[in-house]
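Single-structure report; data block below.
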Amino acid sequence: MTRIPAVLTALLFVFASSFLSPSAAETVDLTLLHINDFHGNLLPKPGKEGKPATGGMARIAQMVAEEREKNPGGTLLLSAGDMFQGTPISNLFRGKPVIETMNRMGFDAMTVGNHEFDWGMEAFQDLRKAAAFPFLSANIVDERGALLPGVKPYILLRKKGLKIAVIGITTPETHYATKPGNLKGYRVVAVEKSLPALIDKVRKEGAGPVVVLSHLGLDEDREMASKVAGIDLIVGGHSHTEVKTTVVVGTTLIVQAGYYGQQLGVLNISVDAASGRIVRYPEKRILRKVKAGPNDPVDDAVAGIIRKYDDQIREEFGRTVGETRVDLAKRPFESNLGNLVCDAMRKATGADAAIQNNGGIRTTIPKGKITLEQVFMLLPFDNNLMTMDLTGAQIAGILEQNAKTDGMLQVSGLKVVYDMKAPEGSRVKELAVGGKPADPSRIYRVTTNDFLAAGGDRFGIFREGKNAVIGDNVRDAFLAYLEKNSPVSPRTEGRIVVTP
């Protein structure tokens, strides 16, 4: 009897196993397309100094169609949240144009971002009902632990015979990063408490790769990947980060595609069909710049939807409302744009001081004529002025909180000197109101916006203000200031000094 050598026997076994179980050696190629923090930017952004325009949903839609053609049946299109609030064409129609374009493009899912609630719960539900794709959030629950009505914690998508789980996660900052009260009756659960059980659940339901569609921010996504096992891929948003090289934490991949639709995330991965694990992925070139020059093709159907809405507002919002002799820029701590906005707020109310959050100033304005559309994009939130009595000590307390946040506040009528190396709670070294040292016990009249007045961005001291009076819309105050003072040329002038 002839004996078969042991090595040959092993080879025959491997061959037979592969023949009998083809899936064990197979991989499935998937394409994940994603955007985040779109903020209503349906129209392209004009280029500077003769450069071509960038962005715009019609151009993104065409790029999506081209990517789908490369991998038919294996492409996912996802949004990591904050899609609607931010431009006149979206704001005036409460996000409806964005939903219509997303429906036309065939989005598979969108996670719920904090700014989805900016127009209140009723408007949120109107958007959710109009969407032809699911809104996801696994960690927003009421007192009984029930999810938001109509919102799903996850979905299972089948692509090329493979089940992919997509779980939605929303930032815990939502309670103070939208108007307090917009999410009344709900709480945002920490990811480490909500995710592990869901991952186990979707695995039992046959999911291969587990994708977390996250609106937490890149740093928080890294932390989530280190704390929660079983996540194959995090498609992120909230921090507006252009992740150009795939971030890897343990066995978890993390990506994010910037903001305002300037980039389309394109991640081509190979998944082992047997284990559901990602076995190949690109390290670089995972973002595609959305170029919208005259020779760059667009999706005609999506362009038609956008044009339908833009035609209704173009004449009004294209008109000139002011002029600036300098570029209006924003940055942490003092900026010339922050000074201009706060000066307009203080002028409108006659207060001793004005305070505005940097997050409420959404863009920059180049030197030259200023249109109404630019002002709406600069100040897109429908915030009203709130003027109240605060003591010098309370103002100092607000500015101490500001020192923890890398300079979220802009000011008028104040001068503050920070020592960032000092312990928290003692970083405000000098504070002046109206050019005179602030008296801790003296009452000052301070104007802010109703978002901060309600404790937004964790500035709870504003809620201690007395004799509060609501005023005009912040944007209207800014427009009135431009009308009276154009051309403007604001500068930084030492209102906020940070010692090294």
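On the basis of being at pLDDT 95 or above, touching a strand residue (DSSP E or B) at 6+ places or on another chain (Cβ under 7 Å) and open to solvent by 40 Å² or more (accessible area, probe 1.4 Å), does Ala393 make the cut? For Ala393, the condition - at pLDDT 95 or above, touching a strand residue (DSSP E or B) at 6+ places or on another chain (Cβ under 7 Å) and open to solvent by 40 Å² or more (accessible area, probe 1.4 Å) - is not met. hydroxyl-bearing (Ser, Thr, Tyr), more than 26 Å from the chain's Cα centre (by Cα) and either part of a helix (DSSP H, G or I) or more than 24 Å from Ala177 (Cβ to Cβ) (or both): is that true of Thr447 in this structure? Taking the combined requirement at face value, the residue does not satisfy it. The set of residues in the stretch 401-420 that are farther than 18 Å from Thr447 by Cβ, touching a strand residue (DSSP E or B) at 6+ places or on another chain (Cβ under 7 Å) and open to solvent by 30 Å² or more (accessible area, probe 1.4 Å) comprises Asp419, Met420.
Among the residues of the stretch 20-39, those identified as modelled with pLDDT of 95 or more and in a loop (DSSP other than H, G, I, E, B) are Asn36, Asp37, Phe38, His39. Any residue at all in the stretch 178-186 that is over 16 Å from His34 (Cα atoms), touching a residue at least 60 places away in the same chain (Cβ under 8 Å), open to solvent by less than 40 Å² (accessible area, probe 1.4 Å) and among the hydroxyl-bearing types (Ser, Thr, Tyr)? There is at least one residue in the stretch 178-186 that is over 16 Å from His34 (Cα atoms), touching a residue at least 60 places away in the same chain (Cβ under 8 Å), open to solvent by less than 40 Å² (accessible area, probe 1.4 Å) and among the hydroxyl-bearing types (Ser, Thr, Tyr). Only residues that are at pLDDT 95 or above and either assigned to a helix (DSSP H, G or I) or at positive phi (or both) were counted in the stretch 40-72, giving 17.
For every residue, the table says whether it meets (1) open to solvent by 30 Å² or more (accessible area, probe 1.4 Å); (2) in contact with a helix residue (DSSP H, G or I) (Cβ under 8 Å, 6 or more places away or on another chain).
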position: Ala422; (1), (2): no, no
position: Phe459; (1), (2): no, yes
position: Lys466; (1), (2): yes, no
position: Tyr481; (1), (2): yes, yes
position: Ser489; (1), (2): yes, no
position: Glu493; (1), (2): yes, yes
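Applying the selection to the stretch 250-262, what residues are open to solvent by 10 Å² or more (accessible area, probe 1.4 Å) and in contact (Cβ under 8 Å) with a residue 60 or more places away in the chain? Of everything in the stretch 250-262, those that are open to solvent by 10 Å² or more (accessible area, probe 1.4 Å) and in contact (Cβ under 8 Å) with a residue 60 or more places away in the chain turn out to be Tyr259, Tyr260, Gln262. Go through the stretch 417-444 and report how many residues are within 33 Å of the chain's Cα centre (by Cα) and either under 20 Å from Leu379 (Cα atoms) or part of a loop (DSSP other than H, G, I, E, B) (or both). Looking only at that region, the number is 8. Restricting to the stretch 174-186, what's the tally of residues that are of a type in the set (Gly, Ala, Ser) and in a loop (DSSP other than H, G, I, E, B)? Qualifying residue count, the stretch 174-186: 2.
Looking only at the stretch 125-173, residues that are touching a residue at least 24 places away in the same chain (Cβ under 8 Å), in a strand (DSSP E or B) and either open to solvent by 30 Å² or more (accessible area, probe 1.4 Å) or not aromatic (Phe, Trp, Tyr) (or both) come to 18 in all.
Looking at the stretch 308-341, which of its residues are farther than 21 Å from Ser486 by Cα and either free of Cβ contacts under 8 Å to residues at least 60 places away in the same chain or open to solvent by 20 Å² or more (accessible area, probe 1.4 Å) (or both)? Listed by number, the residues that qualify are Lys308, Asp310, Asp311, Gln312, Arg314, Glu315, Arg331, Pro332, Phe333. So which residues in the stretch 386-410 are in a strand (DSSP E or B) and more than 16 Å from Phe333 (Cβ to Cβ)? Answer for the stretch 386-410, where residues must be in a strand (DSSP E or B) and more than 16 Å from Phe333 (Cβ to Cβ): Met386, Thr387, Met388, Asp389, Leu390, Thr391. Looking only at residues of the stretch 210-249 that are over 27 Å from Gly161 (Cβ atoms), in contact with a His (Cβ under 7 Å, 6 or more places away or on another chain) and touching a residue at least 60 places away in the same chain (Cβ under 8 Å), we find that the one that is surrounded by the fewest Cβ atoms within 10 Å (Cβ to Cβ) is His238. Taken as a whole, the condition of being open to solvent by less than 20 Å² (accessible area, probe 1.4 Å), out of contact with any Phe, Trp or Tyr (no Cβ under 6 Å at 6 or more places or on another chain) and assigned to a loop (DSSP other than H, G, I, E, B) applies to Ala207.
Kindly indicate whether Gly95 is open to solvent by less than 10 Å² (accessible area, probe 1.4 Å), among the small types (Gly, Ala, Ser) and in contact with an Asp or Glu (Cβ under 6 Å, 6 or more places away or on another chain). In short, no.
The values are calculated or read from the model by the stated rules, or taken from the named source; none is laboratory data. It should be emphasised that the depicted structure is a prediction, and the values quoted were computed from it without experimental measurement. Cβ sites come from the backbone with ideal geometry, for glycine too, and all protein chains shown count toward neighbours. Areas reflect the complete protein model, heavy atoms only, side chains present, ligands, DNA and RNA absent. Shrake-Rupley method; radii C 1.70, N 1.55, O 1.52, S 1.80 Å.
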